[in-house]
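**Q** Before I ask anything, let me first share the structure, which is written out below as structure tokens.
The values are calculated or read from the model by the stated rules, or taken from the named source; none is laboratory data. All figures in this text were calculated on a predicted structure; none of them were measured in a lab. With ideal geometry, Cβ positions are generated from the backbone for all residues, glycine too; neighbour counts draw on all protein chains shown. Accessible surface areas use protein heavy atoms only, side chains included; no ligands, DNA or RNA. Shrake-Rupley method; radii C 1.70, N 1.55, O 1.52, S 1.80 Å.
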Amino acid sequence: MLLTVFGLGQSGLFSWRWLLAGGVAVCLVALGVGLGRCTALRLDRGAMIDALTGLPNRRALHRDIASRRGGEGEVALAIVDLDGFKQVNDHFGHATGDELIRAVAILITETCGDEAQCYRLSGDEFVLLADGPIAGNLIEGISRMIVDRLRKPVQLERRAIAVGASVGLSRSGGEEAPASSELLRRADVAMFASKRGGKMRCTWYAQALDRNREARLDLDNELRAALAKGEFRVNYQPLVDARTGAIVAVESLLRWEREDGSQIGPNIFIPVAEESGLINAIGLWVLRTACRDARDWGDLNLSVNISAAQLRNPEFPILVGQVLEETGFPPERLELEVTETCLVLDPVVVGRSLDVIRQFGVSISLDDFGTGYASIGFLRQFRFEKLKLDRSLVVDAQEDDGSRAMMISSISLARAMKMGVTAEGVETQCQADMVRAAGADQIQGWLYYRAMPPEQIVALKDKFGSTRSDRSKVA
């Protein structure tokens, strides 16, 4: 009856039902499209956010750089890379590493304020972005404030973590408008220049950095080939007893002579080897070669320099033990020399490695003392068997009363802590007399001997013996 009233007979019933079903379907489709758009928007926004810190991520950075290109002024960005973050993860675990990243993100965001936007790229890398007439000045000023703030340990819930920051900066302006990927690449190159320059600093990109980078890559390839072709050799510089002039030890010094006869100094190729990780293979070769050469040199001690990269390798103590066993070199005659930089960058890992190495009977010397960070606390913590005074301290002591007092106090401190003392870089008789009077045990320098091939060490031993060497006879 009702259907009739509405003008729908029995035959129209099916049409009405289809109409109703179609309307519901249209509504559901429309609702689905709306929900899909909302979900897509949420997913798109989520793809722009770093899950750990809540900061915009790499994708958002590229989008924002592209949107700011072509405007007035310049676009400037900085890559902020934490120094020593890997060690934080290794020592305290990834949970603490994540907590540190969140804390640093807050610190950087607060420092940026409204003048720059902060992004997290990945790992321990952050990016600052600004645009406008003075964008470069703003980014550099903020970056320097961040470096200064990170000179102090970052306070977490349960501990304070000491990390630094190295910063690379790049910008575009005027007619030059490089893509976002190129701006990032330039800042990355500049950031690595900051790390090579000593870390905890800011560096602007310049084309010369690219040329240097290409040269370093070429040198790295040459180093690998040199190791394979046997272009490296080890020379030895004798150390003499300060009182008798007898040769009591030798220090191994790495030399690289190319096939064409040209020589590359270790001050040039060692930093490249450390950066690439090749220093582990080269350093192990030096240790093995030196132990083989010096094995039959009677009672002469052998000093071998160890880099920070080697000490950060947790397998290094095992490798030292293997070399000693393989070469048959007496461990009590071996001294490994470490620098102050090794201790500061990673004291926990270094301390553990040195403790294991000492159990073999090997001695540890602190090299280049007086040039860096070592304090009484570090000396007490690591308990070195020997302190080697850097050449600069010896030279300055000859010319300046204050430096002389520092040298004398350093020797007195070493004596009090039962460490031997070697004065390095002694080139004049006046310097030798001064360090001898101050209480140095051993003297090393051109006044006595320069570095020489192993066969010359053998000749010196045969001629004078390790305990009867007289400088006046051999200088």
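**Q** If only one of 274, 257 is of a type outside the set (A, V, I, L, M, F, W, C) and in contact with a helix residue (DSSP H, G or I) (Cβ under 6 Å, 6 or more places away or on another chain), which one is it? Talk me through it step by step, then tell me what you get.
**A** Numbers: 257 fails: in contact with a helix residue (DSSP H, G or I) (Cβ under 6 Å, 6 or more places away or on another chain).
When all the criteria are applied, what remains is 274.
**Q** Continuing with this model, one more query. Which count do you get for residues in the stretch 275-284 that are surrounded by fewer than 17 Cβ atoms within 10 Å (Cβ to Cβ) and either among the aromatic types (Phe, Trp, Tyr) or at pLDDT 90 or above (or both)? Spell out how you get there, then give the answer.
**A** First, the residues of the stretch 275-284 that are surrounded by fewer than 17 Cβ atoms within 10 Å (Cβ to Cβ): 275, 277, 281.
Checking the rest, the ones that are also either among the aromatic types (Phe, Trp, Tyr) or at pLDDT 90 or above (or both) come to 281.
Matching residues across the stretch 275-284 total 1.
**Q** May I ask you to say which residue of 287, 239 is under 21 Å from residue 387 (Cα atoms), assigned to a helix (DSSP H, G or I) and open to solvent by less than 50 Å² (accessible area, probe 1.4 Å)?
**A** Details: 239 fails: assigned to a helix (DSSP H, G or I).
Checking each option against the conditions leaves just 287.
**Q** Could you check the stretch 323-342 and list, in sequence order, the residues that are β-branched (Val, Ile, Thr) and open to solvent by less than 10 Å² (accessible area, probe 1.4 Å)?
**A** Initial filter on the stretch 323-342 (β-branched (Val, Ile, Thr)): 323, 327, 338-339, 341.
Passing the criteria: 323, 327, 338.
**Q** Select the helices (runs of 4 or more DSSP H) contained entirely in the stretch 81-184, then report the ones holding at least 2 residues which are β-branched (Val, Ile, Thr) and touching a strand residue (DSSP E or B) at 6+ places or on another chain (Cβ under 8 Å). Reasoning before the result, please.
**A** Values: elements: 85-92, 94-112, 135-149.
So the answer is 94-112, 135-149.
**Q** Return yes when residue 199 is touching a residue at least 60 places away in the same chain (Cβ under 8 Å), open to solvent by 50 Å² or more (accessible area, probe 1.4 Å) and not in a strand (DSSP E or B) and no when it is not. So that I can check it myself, show each step before the final result.
**A** On the way: touching a residue at least 60 places away in the same chain (Cβ under 8 Å): yes; open to solvent by 50 Å² or more (accessible area, probe 1.4 Å): yes; not in a strand (DSSP E or B): yes.
So residue 199 passes the test.
**Q** Give me the strands (runs of 3 or more DSSP E) completely within the stretch 355-452, filtered to those with at least 2 residues that are buried (at least 16 other Cβ atoms within 10 Å of the Cβ) and of a type in the set (Asp, Glu), ordered by residue number.
**A** Numbers: elements: 363-369, 386-389, 420-423.
It comes to 363-369.
**Q** Just for the stretch 87-118: of the residues that are surrounded by fewer than 19 Cβ atoms within 10 Å (Cβ to Cβ) and acidic (Asp, Glu), which one is farthest from residue 61 (Cα to Cα)?
**A** Within the stretch 87-118, the match that is farthest from residue 61 (Cα to Cα) is 90.
**Q** Right, here's the next one. Against the conditions (1) open to solvent by 50 Å² or more (accessible area, probe 1.4 Å); (2) in a helix (DSSP H, G or I); (3) among the β-branched types (Val, Ile, Thr), where does residue 189 fall short? Just the number, please.
**A** Exception for residue 189: condition (1).
**Q** Right, residue 288: under 29 Å from the mean Cα position of the chain (by Cα) and basic (Lys, Arg) or not? Show your work before the answer.
**A** On the way: under 29 Å from the mean Cα position of the chain (by Cα): yes; basic (Lys, Arg): yes.
So residue 288 passes the test.
**Q** Among the residues of the stretch 309-322, are any in contact with a Cys (Cβ under 7 Å, 6 or more places away or on another chain), in contact (Cβ under 8 Å) with a residue 12 or more places away in the chain and open to solvent by less than 20 Å² (accessible area, probe 1.4 Å)? Even if it seems obvious, please write down each step before you answer.
**A** Restricting attention to the stretch 309-322, the residues satisfying the condition of being in contact with a Cys (Cβ under 7 Å, 6 or more places away or on another chain) are 311.
Now narrow it down to the ones that are in contact (Cβ under 8 Å) with a residue 12 or more places away in the chain: 311.
Filter once more, so that each one left must be open to solvent by less than 20 Å² (accessible area, probe 1.4 Å): 311.
Yes - at least one qualifying residue is present in the stretch 309-322.
**Q** I've got another one for you. Which residue, of 444, 429, is farther than 23 Å from residue 379 by Cβ and out of contact with any His (no Cβ under 8 Å at 6 or more places or on another chain)?
**A** Values: 444 fails: farther than 23 Å from residue 379 by Cβ.
None of the other options fit; the residue is 429.
**Q** Collect the residues in the stretch 138-161 that are crowded, with 16+ Cβ neighbours inside 10 Å and either touching a helix residue (DSSP H, G or I) at 6+ places or on another chain (Cβ under 8 Å) or not charged (D, E, K, R) (or both), keeping them in residue-number order. Talk me through it step by step, then tell me what you get.
**A** To start, the set of residues in the stretch 138-161 that are crowded, with 16+ Cβ neighbours inside 10 Å comprises 138-140, 142-143, 146-147, 150, 154, 161.
Within the stretch 138-161, 138, 139, 142, 143, 146, 147, 150, 154, 161 qualify.
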